[in-house]
Amino acid sequence: MNIQNPELIKRLGTFPNLYTLVPVLTSYGLIPADFSRGVVGEPAILRLIAEEFTRLIDFSEVDVVAGIDLSGDPECSS
């Protein structure tokens, strides 16, 4: 896989933390990483990543793309 978007390369290269390994205790148990403080919390970077994925991945055979949404869980937001 080869990222070709120069803006994405620059932004990821200068981003302080792609994610933060901070243990978060929730009612579900201990979560070893708090992704709300890293690159996941930056909509502009996420948009660039999504654009890059659409270039790199052949979605013609994909029915559904799903992810884990932590923004709706008050125990996972910072």
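Can you pull the one-decimal nm distance between simple spin-label points at T26 and L46, each 7 Å off the Cα toward Cβ?
1.4
Check V24: other-chain or 5+ apart residues with amide H under 5 Å from its amide H, H built from backbone geometry?
I31, A33
Can you sort F59, F53 so the residue with the fewest Cβ neighbours within 10 Å comes first? Provide the component values of the computation, followed by the final result.
Details: F59 9, F53 12.
By the 10 Å Cβ count, ascending: F59, F53.
What nm distance separates the two modelled labels at I57 and I3, each placed 7 Å from Cα along Cα→Cβ?
1.6
None of the figures in this text is laboratory data; all of them are computed from the coordinates on show. Owing to the predicted nature of the structure, the values given are computational and were not obtained by experimental measurement. We place every Cβ from the backbone using ideal geometry, glycine too, and count neighbours over all the protein chains shown.
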